[in-house]
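K.L.:
Quick one: the structure is below, questions incoming.
The values are calculated or read from the model by the stated rules, or taken from the named source; none is laboratory data. On a predicted model such as this, the values are computed, not experimentally measured, just so you know. Here the Cβ positions follow ideal geometry from the backbone for every residue, glycine too, while neighbour counts run over all protein chains shown. For the accessible areas, the whole protein counts, side chains as well, though only heavy atoms, and no ligand, DNA or RNA atoms are used. Shrake-Rupley method; radii C 1.70, N 1.55, O 1.52, S 1.80 Å.
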Amino acid sequence: MLALFGGGLAGWTPGYMLIFVAIIAATVALAWRDGFRVLDETPPLAKIALICIAVLPLLQLIPLPPGWWQALPGQALRQQVLALAGLGNSWQPLSTEPVGTAISGILTVGFVTLVALLMRLTDKDFRSVLFLAFGLVVFGILVGMVQVVTDGQFPNPHGISMGPTLQGFYANKNHMALILATTILLAGFVVIPRVFDLQRRLWVNLGYIAFVLVCIVSTNSRAGLALGGIAALIVLHDQTRRISWRYKIGGLVVLALLSGLILSTAAFELVSGRFEDVDSDLRWRIATWSWPLAERYWVSGSGAGSFATLFAANEQLAWVKPTFVNHAHNEYLQLVIEFGVAGIAVLAVFLASLIAPLMLWWQLPRSARERATMTLGFAMILLFALHSVVDYPLRRPAGWAFFALGLVAVYRGYRMSAVGGGSAGSTDQPMDRQVETA
């Protein structure tokens, strides 16, 4: 549901209402089932970070006494507007956009619930979910092909036509390109090893990488091409470690030929032209225009989901264009604006939670089963981290569903390696069944 209905701007739309119902039902069911005890199976700092991710937007909705919220930075305009309505001395939440913060709060709880649900799965079921995610993207590619043929007119789930570009279920072509790049990793570390023998994997990987790169070119996304290239290098590096030199040379020749074909297409010429125009890209100016908001709200934050409202209220006339600015196009900058010091602290704890798994991954032998799982997870997290510098992939549930898969792949690999060298992951019994048996 996240992948199919969560690719556009969050709001009270039918698609998001379905997502909200699913999140509430899953959260209540998981809380009733084991009270989120499964988070104890993640690294200690990860549990803290996940709890904070779910709780922080909800804390921003707590009404504060007039003297408290009026003393916070950046509240002058808000106080003037409320004073005109006779509410200048009323209790108000920290968030300057309570509706947006409430929506964000539901979604962040959903993210943590999804992570917990994925942690509860057996190895077999988790692989099935990875296959499902891969299949959903392939289905999105088929939808995108129809969009290219129909000049973006059909299907158009978000009512945003960007011409003959491959968007799938996403309103943002860059987000579709990122997810396409993640499928290179899913194919290389999960799907292809389960379907093909060792001698055929390199050739199948090369074929799928070439196919996905062509699809990314069809999205007209510069960032997507770069991320697709990084994903391809990671997969090929892992695959060629076990392949003899004659296959490596043959694979490089095939890859060079395929690259030549891609570079000669008209679609690539369009994308390459956008690389030459990168200095004038509007997203850099948006980040510059958003910086004063970060300077104003970095202490307490303005509230989750409040950026678009704040930017519109502070937008200069010279910046106004036919389109409106919905995000800072820099996830880290927008994190500072909306969450302040608390958001920075949560991000720091989250990054710190990956240190122990990373050190364990580094020490694992290359033949260890958990190493492939953790490599997949770290690579997916890397792609999202890099893309967040120039875009907002984690602001859409359809995107963070795949981020959650990568995160859980790391945490599950860490759990299996940390408790008995993978013995915990060798059973196909549910986690609560393991506890009862023990």
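K.L.:
Hey, among the residues in the stretch 144-159 that are open to solvent by 60 Å² or more (accessible area, probe 1.4 Å), free of Cβ contacts under 8 Å to residues at least 24 places away in the same chain and not in a helix (DSSP H, G or I), which one's farthest from L4 (Cα to Cα)?
P.N.:
Within the stretch 144-159, the match that is farthest from L4 (Cα to Cα) is D151.
K.L.:
Please pick out the residue among L107, L50, L56, L4 that is out of contact with any strand residue (DSSP E or B) (no Cβ under 7 Å at 6 or more places or on another chain), surrounded by 15 or more Cβ atoms within 10 Å (Cβ to Cβ) and modelled with pLDDT under 95.
P.N.:
Only one candidate qualifies: L4.
K.L.:
Regarding the stretch 212-228, can at least one residue be identified that is at pLDDT 90 or above, open to solvent by less than 50 Å² (accessible area, probe 1.4 Å) and farther than 24 Å from A404 by Cα?
P.N.:
There is at least one residue in the stretch 212-228 that is at pLDDT 90 or above, open to solvent by less than 50 Å² (accessible area, probe 1.4 Å) and farther than 24 Å from A404 by Cα.
K.L.:
Take the residues in the stretch 234-243 that are under 19 Å from L376 (Cα atoms) and modelled with pLDDT under 90; name whichever of them is least open to solvent (accessible area, probe 1.4 Å).
P.N.:
Top of the filtered list is Q239.
K.L.:
Looking for whichever is in contact with a Phe, Trp or Tyr (Cβ under 6 Å, 6 or more places away or on another chain), open to solvent by less than 10 Å² (accessible area, probe 1.4 Å) and small (G, A, S) here; the options are A187, A177, A231, A181. Which one fits?
P.N.:
A187
K.L.:
Quick check on my filter: what residues within the stretch 72-100 are within 17 Å of F339 (Cα to Cα), small (G, A, S) and at pLDDT 90 or above?
P.N.:
S95, G100
K.L.:
Continuing with the same structure: Is it true that V325 is over 30 Å from R412 (Cα atoms) and either open to solvent by 80 Å² or more (accessible area, probe 1.4 Å) or in contact with a Lys or Arg (Cβ under 8 Å, 6 or more places away or on another chain) (or both)?
P.N.:
Against the criterion (over 30 Å from R412 (Cα atoms) and either open to solvent by 80 Å² or more (accessible area, probe 1.4 Å) or in contact with a Lys or Arg (Cβ under 8 Å, 6 or more places away or on another chain) (or both)), V325 does not qualify.
K.L.:
Could you please let me know if I192 is assigned to a helix (DSSP H, G or I), without any contact (Cβ under 8 Å) to a residue 24 or more places away in the chain and either open to solvent by 20 Å² or more (accessible area, probe 1.4 Å) or of a type outside the set (D, E) (or both)?
P.N.:
Yes: the conditions hold for I192.
K.L.:
Let me ask something additional. Could you list, in sequence order, all residues of the stretch 161-185 that are over 14 Å from L227 (Cα atoms) and either assigned to a helix (DSSP H, G or I) or free of Cβ contacts under 8 Å to residues at least 60 places away in the same chain (or both)?
P.N.:
Correct list: S161, M162, G163, P164, T165, L166, Q167.
K.L.:
A further question follows. Any chance you could count how many residues in the stretch 7-35 are under 30 Å from L360 (Cα atoms) and either surrounded by fewer than 19 Cβ atoms within 10 Å (Cβ to Cβ) or in contact with a Gly (Cβ under 8 Å, 6 or more places away or on another chain) (or both)?
P.N.:
Result for the stretch 7-35: 2.
K.L.:
Further, regarding this structure: With respect to F131, determine if the residue is open to solvent by less than 20 Å² (accessible area, probe 1.4 Å), touching a helix residue (DSSP H, G or I) at 6+ places or on another chain (Cβ under 9 Å) and closer than 30 Å to I48 by Cα.
P.N.:
The answer is no for F131.
K.L.:
Further, regarding this structure: Of all residues in the stretch 284-314, count the ones that are among the hydrophobic types (A, V, I, L, M, F, W, C) and open to solvent by less than 30 Å² (accessible area, probe 1.4 Å).
P.N.:
Total meeting the criteria: 8.
K.L.:
Inside the stretch 16-103, counting only helices (runs of 4 or more DSSP H) that do not spill past its ends, which hold 3 or more residues that are touching a residue at least 12 places away in the same chain (Cβ under 8 Å)?
P.N.:
Filter on the stretch 16-103 gives 44-59.
K.L.:
Which one is most open to solvent (accessible area, probe 1.4 Å), of the residues in the stretch 356-406 that are basic (K, R) and not in a helix (DSSP H, G or I)?
P.N.:
R366
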